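Throughout, read-outs are computed from the coordinates displayed, never taken from laboratory work. None of the values given here were measured: they were computed from a predicted structure. All Cβ positions, glycine included, derive from the backbone under ideal geometry; neighbour counts span all protein chains shown.
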C-alpha cells in the first residue's frame, strides 16, 4: 500500500512543477513533454520537404533561391511558434504547396506580374483574411461555398501540383503538335522516377518522413552518378534574406486586375486552413461536444499573421499544414509539439549548402505525391448527382489544363 501511494507523489511534480505546464497545460491534455517533442519531430520530418520544394517553385518566379531557403525556414518557424504559443495546438505552418504554384505559374508567369507585386498581393490577402477572422464573417463564407466545390478546388489543385511535378521531372514536356508530350528517359528522369517509387512505397508502408527520405535518396544517387556536385561545406551560416525581405510592392498590388488574385489567395488559404484545422483538431481531441474546434479564432488569426509576415520576408502564402496530423498521430496534443517542429526548421537554416544542392528532379516526386494527397478526397463528392458532378469536374479538370 505504501509503495503504490508513492507513485502519484513522485510523478505528479514532473509535470505540474515544470515551467512547461502553465504554458501548455500538458496534464489537462493527458500528455508529457517527451510525447510532445517526439510528435513535433514527426511533423517536421513529414513536412521538411518544403525546405527543398518551395525554393524550387518560387525560384521559377525569378526569386533568389538561396534567400528562399532561409525565408522558407523562417516563415515556417515564425508561423509555427505563433500558433503553438498563442493557440496551444500541435499544428505546424509553412509556405503552402499549391499556393506557391499559383503564385509562380499563374500570377507571375501567367499574368506577367513581377514577384515583388505578387508578394504585395499575398500581403493584402493576408490582411483581408485577418479582417475576416476578426469580424467572424469567415464562417459565413465557408458555409456559403458548397462542400463539393471546396473538395473540387483541393482536388484540382492536386492535379495542378502533380502536373508541375511531372514537368520539373522532365517526364512531361512541351509538344507543338499535342501541346504536351512524353519526355525523354534520360538519367535525371530515371532518377526522379526512382525517387517517386521510393516515396510511394514508404507512403504505403506509412513511414514517417517518406517525402523527405525520397528526396534525400534521389539526391544521393544523383551525387554518386555524377549528376550533382557535392558542396564544399555541409554547415554554414544561412544565406541572407536581403534579396527578398521587404521587397514586396503593396502599392502596385492595389490594382483592379489583381483583385481576383487577392481573393483567390485568401479563399484558398481559408478553405485549406479550415479543412486542415477541423481534421487535425478532431484527431487531437481539440473539439467540443458539438464538434466545434476550440480556439479556432486564434488558430486562423495566427494563420493570417503568418501569411503577412511571410510576404514581408519574401515568400508566398503561409498556411496550416495537414502534415501536422502525422505528429498528432504520434501523440502530439499541445503547442509544445509545434515549438519542437519550429526549432527544427530553425536548425535546418545552418545546413543550407546541403539543401541548395538538391535538384528539381529530386523534389518533383514530392509534388506528385502531394498532388495525390490533395486529390484523394475527391471520393467525397457525390458524382452520381450531375448537378454536383458537372461543376466539380469542370473545377478539377480546368486547373491543370489552363495552368491556373
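Could you estimate the translational diffusion coefficient of segment 239-318 from the Stokes-Einstein equation, with Rh from the Kirkwood formula over C-alpha pairs, at 20 °C and 1.002 mPa s, in whole µm²/s?
147 µm²/s
Let a ≥ b ≥ c be the square roots of the eigenvalues of the Cα gyration tensor of segment 214-362; is it rounded (a/c under 1.5), or, if not, prolate (a/b larger than b/c) or oblate?
It comes out oblate by the Cα gyration axes.
Between 132, 380, 159, which gets the highest mean-square fluctuation from a Gaussian network model of the chain, Cα cutoff 10 Å?
The residue with the greatest mean-square fluctuation here is 380.
Quick one: check the C-alpha center-to-center distance for segment 28-90 versus segment 262-293, whole angstrom.
Cα centres, segment 28-90 to segment 262-293: 18 Å.
Please give the helix 2-16 orientation as an angle from the longest Cα principal axis of the chain, in degrees from 0 to 90, rounded to the nearest 10.
Computed tilt is about 50 degrees.
Kirkwood-based Rg over Rh for segment 46-157 (C-alpha set), two decimals?
0.98
Can you work out D for the chain in µm² s⁻¹ from Stokes-Einstein, where Rh is the Kirkwood radius over C-alpha pairs, the temperature is 10 °C and the viscosity is 1.306 mPa s?
73 µm²/s
In deg cm²/dmol, rounded to 500, what helix-only [θ] at 222 nm does the chain give when every DSSP H run of at least 4 residues adds -39500 (n - 2.57) and the total is split over its residues?
Dividing the helical sum by the residues of the chain leaves -20500 deg cm²/dmol.
Would you work out the relative contact order for segment 30-401, in percent, from Cα pairs under 8 angstrom that are 6 or more residues apart?
This gives 42 percent for segment 30-401.
Output the 0 to 90 degree angle, nearest 10, between the alpha-carbon long axis of helix 360-375 and the longest principal axis computed from the alpha carbons of the chain.
70 degrees
Could you tell me the distance between the Cα centroids of segment 154-206 and segment 335-371, to the nearest Å?
Spelled out, the Cα-based centre of one part sits 20 Å from the other.
Highest mean first, how do 267-277, 188-198 rank when packing is the count of other Cβ atoms within 10 Å averaged over residues?
Descending mean neighbour count gives 267-277, 188-198.
For segment 278-363, what are Rg and Dmax over the alpha carbons, in angstrom?
15.7, 49
Can you tell me the 0 to 90 degree angle between the C-alpha axis of helix 386-401 and the longest principal axis of the chain, rounded to 10?
Approximately 70 degrees, to the nearest ten.
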